[in-house]
Every structure is written in C-alpha cells, then in structure tokens.
Amino acid sequence: MADMDTFVAISAALTGIDPGKLAPGVDPIKVSAEYFQKASTEAPDVFKRVLSIASATPPPANLADALLNGSGDDVRFLCRSIMLMWFLGSWFNPNDLKLYASAIPPAAPISSSVVSSKAYTQGWVWAAAQAHPMGYSTLRFGYWNQPPVALNDFIGA
Amino acid sequence: MRSFSSLLCAAILAAATMALATITAADVAPTEPPVSCNVTPPSTPVTSTLLTSGLPCKAAIIAPFTIENIQHGFDFYSWLTFLAVNSPQNGKTVIGQGTGAGGDSPTVWQGWKDIDSVMRADGSQPTPWGAPTPVPSACARIASPGDAVVSMVGKTPNVLSAISEPFKTGPLIDQNGNYTRFDILMNQTMFDHIVSNDLYSKAGQMKSTGDVDFPVGSLSAKPATGAVTEPGVLGSMMIKLAWKVMTPADSPARFHTMSALIYNKPVAGTDASVKESCHKATLGLVGIHIAHKIAGDPQWIWSSFEHIDNAPSQADVDAKTLNAHYNYFDPSCADCKINEPPGRPWDPNVEPFPGHFKSQITRVIPLTDATVAINASFHAILKGTVWENYMLISTQWPTNAASKTDPTGRPAPTYLANTTAETYIQGRVPMSSSNCIECHNNATTTTGRFSDFTYILENAH
C-alpha cells in the first residue's frame, strides 16, 4: 500500500470518516496531500513509525486503538495532531498537545495554525455538525430554511 | 468520487461511437428537438474531420477515470463544442472557410437570443425564436439588418452587467482605452423553457412554486437494450461573450468580428450616471464562456475560451518572456498596476477612458500543460483561420455531480477565470476567486428560488 493510502486509512480510523470522503478517488481539492505533507514535515521520524504501525503484517485488529493507546506518547500525540488537522484544518504541535494533556496544563490557550485556506474550508468538524465553516458554504440560497441532509451523507460511505 | 452512474453513462456514450455505425434510421426514436449529437470520444486523433463533427449533446468520457483523463475528456468536449457553435450560421460552410478575413463568418450562436431580447424591460413575452433582435429606439436611426445589439449597462451593476464585472469589481479597458463589451446569449432549448414557463417576467416567476430545472442534453437510449442511439436532445446552453472595439490597429484576420450597435442604457444611480446613447462599431471577440447542461451533470459544463493575445501569465511577466502586443497588457509599462480596475466614475460614453487608463492584466493561474497541448492540436486544424487565435482556458465539471451534501458537485478545476470576464477575481481564494459552478450555484429567480445556475432570470422585470 502506498504511503498516501496508508495515511488515508490511518486518518479514517482516527476520525471515523469514510476514507472515500476524506480522499475521493477523483479529487480536485486534494487536502489529503497537504495533510500528509504537513505531518511528514513536522514530525518525520514519528510519522514513519505511524505509517509502519498501520502497514504492519498482520495489520492491527483495531488500528485506532493501536495508534492511540498501544504505541507510546510520541505516536499518540502525533495521531491527535492528525485528527485535529482533519477536523479543524489547523496544525497543533504534538509536543504542545502533550503539554496540555499533563496534570497541570499551561494556563494560556494552546496555539495552532491554519494549514491553508483550502484546509479551512475542508475542516470535517463542520460536516460532522451538518453545517459549514464561517464564510464558506457550497449550499444554495435559502438552505437555512431546510433541515440538513443525514449525517451519514456527510461522513459515511 | 465521481458518481458511478455518471461514469457508466459516459462509458456507454463512448462505446456508442462504434455502435452508431450499425444504427439504421428505423432504430432512431423521434425526439424533440432532434439533433445529430457529436459522440466523438476524446481518444480520437485531432484531424480536420472534427471540423464538421457537430455539437456534442454530452461529453464522452472514457477510462481510465483519473481526474487528468476525465479533464481531458471534458476539454476535448469543449473544443468540439467550440468548433460547432462557432461554425458558420448557414449550416453549410466549414468553420474558418467563410468569406470574411481569416475565413470568418457569422456563427451559429449569432442566431441565438440575447438576454435583453428575452428578459424585456416591460416584462412582455419575447418575440419568437428566429425573429430579429429588437432594436432600442436610440439605435433605430443607425441600425442595419443583421446588426447585433450589445447593451452596455445594467440598471444595477451586477454579475450580468455589461459595464462592470462580477461583484462590481469594475470594467475592463483595452489598450486603446475602450471599454470591453459583453453579451449573454441562450440557445433555443433554454429560450423555449423560459417562454413556456413564463420565466421571462417577474409576474411569471411568481407563479412558479419550485426550483427552475432547464432541460438537459442527452443521447436517446433504446429502452429494450439501453444502447445509445441518435438523434439525441440538445441541452440548455448559454454563452457569455466579451468583445473589444476594433480599431485600425487591430487585424481583422486575428479576430472573429461582427458589426454591432453599441447601446448604452441610461443609468442613474450611486454607481454611475450614464446617458442613453447608441453608436455602431465593429467588435472583435476576445472571450467566450460556453455553459451546457447535460445529463448526469446538473451543474452544467463550463468551457472558457479566450483570444490568445489577451494577456500574459504572471510567470511570463516574471520571466520577461513577453509578446510585443496584448489586448490588455502593455509590455512597456513597468509601473502599471496589475489586475486593478480603473477608478470611478465608469461612463462608457467617455472613450478613451480618462487619464489614459488602460487595464494591465495578467493571467494568475496559467494553463496546464495538458490544456496547452490540446490547444495546439486544435489550432493545427484551424491554421490560417481567425479561430486559431482562440484558446481553451479550461473546462469546469462536477467531480461528484450527485453529491447530497454539496450541490456544486466539487468542481474541477476548483478555480477557473477568464481574463476578460473574471479579470479581477482570478486566484485561489475560496469563495472569492472565480469558480463558475460555485458562483452560479447561488443564482436565483426574482422570487429567491434556485434558477438552475443562471443569473439570466434574475433580470426579469
């Protein structure tokens, strides 16, 4: 399996969103490529470990559990960063996440950066809420007067 | 993922090319309006036989269904469409073999209805298809048979306004200081739907209780076998044109031209104050958008062409690989502001534009290598004609036409701008930069109902 395919499989396991939705086969936006690049650049060594865990033979019975609970803090917090990136379109440094998960977290708000304007529009938190990001909607005039379509249409297969 | 049904239909369509050879007249189911659909698959070599291959009723897309290959299929479809709609109106002469300079001649779409003829100022029913374009009284004295009427100013500068571009960004001024002129036309399928559903007036639109749904183009399928047959049905089509005023410095052999009445509608308002006027001019085509609603792609297919002399890409400017002349760029002007509209006031009665202003335009998103290549192929069969001076910018199509959550169908490419029509909204900024489907997805009738990707109906009175 190519690294990108493995990354999409990991992302689907972590987010619960259908991989075909995260990275459609015919995809003009390709935010998955941006996220792959971001994670592999920000934490190259740990990212390789994450990929190797997911592509092990035999594969883990529960990939999300293996990544979040069975592979140590470095893998766990990079995977949390990847989850947050998919949902929020923003990058949270895994070391910051570690710090804020400690018994006495810093008082100041955690910092993050929007990966790109594309990433902002593709944040899955909005789809999971059957909504859209502020300032960006592909829904038609008057959509607010109609109930949203089913959640599964947003995030399911 | 592009919907499977759409791809299946496309594959069937491609396969139909061979099947058609065995279809007899008895197999052909009568449909209205019957047309001979061009079903040439995109793997076909580009030769002069394509010049008379006709108008596609649907794009033929063949495997593999990668985004690049599907894009090629739609770009091929765009060129076939370009050849067909720009073919001589007489239906007999081959494109580029007319009697005008560069083999020019009046085109098929010059017989289509323009927006002002359909959405009339008094809300009355349009004259029948084929009837002459109504001439404003201000133009009557100078009008000649066959003159097109190019209106200049909308009552409110909006997306259909002739004086400004989308979102009131401003007019486009050519290197002679003249305003670029615009027009919007529709084919008979679209016109008939508007008339038969009383969509040409506010009163008629108020009677409607649902969204507008224009007819789609398709091929006919035999119910028993599902095999694609001809004739098919031509879908609704609309064309937006951009024109420059021809001067003695412009070579008619490089442009498709037409004689037109330039009608400046009176405007009184906060944006501009324009006096009614009319004069005659020869216009040269510099931009053309073609939108076609086809089966399986309810978001329409958007093909955008431009004159090759319009503007350099920003990369050309940076690399200093510039031509000697452009329609909207002065290579000798180092301090001209790039892609900025002129300051107000905007009054098209005042030409050349005051202060020697000329638009300094560059193309922000360059053409892809694949588009450059397909342009070269089609230019080869148009060599020596006015039409070799027009290039495809790209074709926008929905990658997931049937999406329940995204009515735009996740278009590809995401951004598509014609430097003559979306001059000032080029780029890659979501919801701000030009995206045909995304923008037109917001179009409504005067009653706020979805108008099926056209702003034409918003102009009802």
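Values quoted throughout were computed directly from the atomic coordinates according to the rules given, and no laboratory measurement underlies them. What you see is a predicted model, and the numbers here were worked out from it, not measured in a lab. Please note: Cβ atoms are built from the backbone with ideal geometry, for glycine as well, and neighbour counts cover all protein chains shown.
Annotations
- Shape category assigned to the range B:65-145 from the gyration tensor of Cα positions, a/c cut at 1.5: oblate
- Folded to 0 to 90 degrees: helix B:4-19 orientation relative to chain B principal axis, Cα: 80 degrees
- Directionally averaged projected area (the protein assembly as shown, Cα convex hull): 32.7 nm².
- Shielding by other protein chains, B:409-416, mean Cβ within 10 Å: 3
- With R₀ fixed at 25 Å, the C-beta to C-beta distance from A:Lys30 to A:Ser90 puts the FRET efficiency at about 0.90.
- Set of the range A:62-80 residues, backbone N closer than 18 Å to the point 7 Å along the Cα-Cβ line of A:Ser40: A:78-79
- Residues B:Arg344 and A:Asn145, FRET efficiency given R0 of 45 Å [Cβ-Cβ distance, rounded to 0.05]: 0.75
- Cross-link reach list, aspartates and glutamates versus B:Lys113, counting only Cα pairs under 20 Å and skipping chain neighbours closer than eight places: B:Glu32, B:Asp122, B:Asp147, B:Asp183, B:Asp192, B:Asp198, B:Asp213, B:Asp452, B:Glu458
- Under conditions of 37 °C and 0.692 mPa s, chain B yields 145 µm² s⁻¹ as its translational diffusion coefficient, taking Rh as the Kirkwood radius over Cα pairs in the Stokes-Einstein equation.
- Here B:Lys275 is the anchor, and the lysines within straight C-alpha reach of less than 16 Å, apart from those fewer than 8 places off in the same chain, are B:Lys155, B:Lys265.
- Between 0 and 90°, nearest 10: helix A:44-54 axis offset from chain A longest Cα axis: 80 degrees
- Under a model in which nothing but the beta-carbon of Lys, Arg (+1) and Asp, Glu (-1) is charged, chain B shows a dipole of about 320 debye around its Cα centre.
- Cut-off 15 Å, label 7 Å out along Cα→Cβ of B:Thr247, residues of the range B:334-367 by amide N: B:350-360
- Within the range B:48-138, trypsin sites (Lys or Arg not before Pro) in DSSP loop having at most 16 other beta-carbon neighbours inside 10 Å: B:Lys92
- Here the spin labels are modelled as points 7 Å beyond Cα on the Cα-Cβ line, and at B:Leu322 and A:Asp73 they lie 5.9 nm apart.
- Projected label distance in nm at A:Tyr136 and B:Ser259, using a 7 Å step from Cα toward the beta-carbon: 5.2 nm
- FRET efficiency, 1/(1 + (r/R0)^6) with R0 56 Å, evaluated for B:Thr169 and B:Trp129 via beta carbons: 0.95
- When +1 charges are put on Lys and Arg Cβ atoms and -1 charges on Asp and Glu Cβ atoms, the dipole computed for the range B:307-438 relative to its Cα centre reaches about 280 debye.
- In summary, the aspartates and glutamates within cross-link reach of A:Lys38, defined as a Cα separation below 19 angstrom excluding same-chain residues under 8 places away, comprise A:Asp3, A:Asp5, A:Asp27, A:Asp74, A:Asp96.
- The modelled label-to-label distance between A:Ala61 and B:Ala63, using points 7 Å beyond Cα along the C-beta direction, is 3.9 nm.
- Over the residues of chain A, the helix contribution to mean residue ellipticity at 222 nm works out to -15000 deg cm²/dmol, using -39500 (n - 2.57) for each DSSP H run of at least 4.
- Using alpha-carbon coordinates, inclination of helix A:3-15 to the longest axis of chain A, degrees: 70 degrees
- Charge dipole (the protein assembly as shown, unit charges on Cβ, about Cα centre) - positive-most of A:Leu51, B:Asn69, B:Ala249: B:Ala249
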